[in-house]
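Asker: Below is one structure. I have some questions about it.
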Amino acid sequence: MASAIPSYGETLQQPRLVEQGILDGPLPLDKLIRADPKARPRRSILSHRRILLIDRYIASGIIAPFAATVAIIVMLLTLENVPRLIKAMVDVYDPINLLGRYVVALLPEYLGFGLLVALYLSVALALRRLALQGELEIFAAAGFSNAAILKVPIITAFCVAVLIFGIRGYAQPWGERQLDSLGTEIQSGDHGLRIRPGTVVHLAKDVALSVDRMGIAPNTFSGVFVQTGTTTVAAAFATAQFDSDHRLRLILEDGTFVRWNRGSWSGSGQFARLELPLPLGAALPPRISPREQLDRVRIDTLLAMTRGEPRVSTGSPNGAIAALAARIAGMCFCFIVPFLAFALAIPPKRSRSAIGLGVGLVLLVVFIRMSAAVEAVYASNAISFFALLLAGWAVAAWLLMRITTAGGLGVIESHLIKCISRPIASLGRRYR
């Protein structure tokens, strides 16, 4: 009877392992005998590949909602302000160009707010979709912890924090300065005289201008009346031009002038063409508070202000510290957002409730309001208050995660449903 034990030099066939790709081929028996028993086995890369595929799967569910949310928020905020901007540019020429410059200057502010909301909604919607399809339970049964599932959302939060640093540190101050510059240009008449027919416009001290109708071409008028000190001029047509000295040259045609001396008439005459230089009053600087002034300062300048460097002549160190701490707090809060989304957005089994999703949005607004209040009121102790603020939100997120881990996915949503359904049911029984 042949022996069932393979002899020395024969191969140990392992077809199942070969088929699964764990072994490259049959393993000779002599290699097993000569193998070092103390050698550490080579770690399989199958688990790493499986984790990588799941990370890519979660990331694909985050990217699309994130991009869509940012686009929608920017579009809504732009549409909200466009009517006000159009109303402010009624009396200027080339309003489309000015409107485009205004929108570009406002984009950093919109993105600074939209990125934080988009981070929460994208992570929350991705985790909610996985929960509704039962895939989170499959991940848990396969041995994936909550930390492994949150790895991609935390990486996304890091990327958003870097973007917010660049936007709030450099892009948003540039946008605020551009808005101030555009307002000054419009007020000083660089984009056309803001004159409405039938109204008197005081260009400077003792200089008044009134027109009956606006011409088709920019800065052309008809029925013009000008009062300059002791001279009164009336003309049928006029064209306005600006020179390099910030003076208005009014070219009048077919008109009459009257001169006065100490309240009495001193002479008059007619003209076919007259060039009348008119001074323009200096544009008033925008009235902004010291805190709003710091919104126009870049983050490197804020650091110099906190150190009291001589090259920075304006601004108080306390206000600069508060503004700098507010921007850093917004970046740090990005790392808390994925945990809030995980605890609040996942519904319980056999439920599609989205109450927790709305509660998370409310919490984001609360944090933004609290951050602005701390920056405005507690500027002298801004670092301590912002540290307490972030610590409080971190503890709240940790407690929510502990409750979710102990009670299972969707436990917070189920409690919210009970808290809301009971008052509604009692009101229904009362008014039945």
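The values are calculated or read from the model by the stated rules, or taken from the named source; none is laboratory data. Small disclaimer: the values here were computed from a predicted structure and weren't measured. Positions of Cβ are generated from backbone atoms using ideal geometry, with glycine treated the same way; all protein chains shown enter the neighbour counts. Accessible surface is based on the protein model in full, side chains and every heavy atom, while ligands, DNA and RNA are left aside. Shrake-Rupley method; radii C 1.70, N 1.55, O 1.52, S 1.80 Å.
Asker: Give Ile420, Ile403, Ile424 a once-over and let me know the one that is modelled with pLDDT of 90 or more and either β-branched (Val, Ile, Thr) or at positive phi (or both).
Answerer: Exactly one of Ile420, Ile403, Ile424 is modelled with pLDDT of 90 or more and either β-branched (Val, Ile, Thr) or at positive phi (or both), namely Ile403.
Asker: Name the one entry in Ala126, Ala88 that is open to solvent by less than 60 Å² (accessible area, probe 1.4 Å), among the small types (Gly, Ala, Ser) and modelled with pLDDT of 90 or more.
Answerer: Going through Ala126, Ala88 in turn, just one is open to solvent by less than 60 Å² (accessible area, probe 1.4 Å), among the small types (Gly, Ala, Ser) and modelled with pLDDT of 90 or more: Ala126.
Asker: State all residues of region 140-154 that are open to solvent by less than 50 Å² (accessible area, probe 1.4 Å) and in a helix (DSSP H, G or I); if no residue qualifies, say none.
Answerer: Asn146, Ala148, Ile149, Val152, Pro153
Asker: Report whether or not Ala326 is outside any loop (DSSP other than H, G, I, E, B), closer than 16 Å to Leu119 by Cβ and of a type in the set (A, V, I, L, M).
Answerer: Spelling it out, it is not the case that Ala326 is outside any loop (DSSP other than H, G, I, E, B), closer than 16 Å to Leu119 by Cβ and of a type in the set (A, V, I, L, M).
Asker: OK, next. State the number of residues belonging to region 73-85 that are under 30 Å from Ile216 (Cβ atoms) and open to solvent by less than 90 Å² (accessible area, probe 1.4 Å).
Answerer: Number of matching residues: 4.
Asker: Which members of region 329-346 meet the condition of being crowded, with 22+ Cβ neighbours inside 10 Å and either basic (Lys, Arg) or not in a helix (DSSP H, G or I) (or both)?
Answerer: Across region 329-346, the qualifying residues are Cys334, Ile346.
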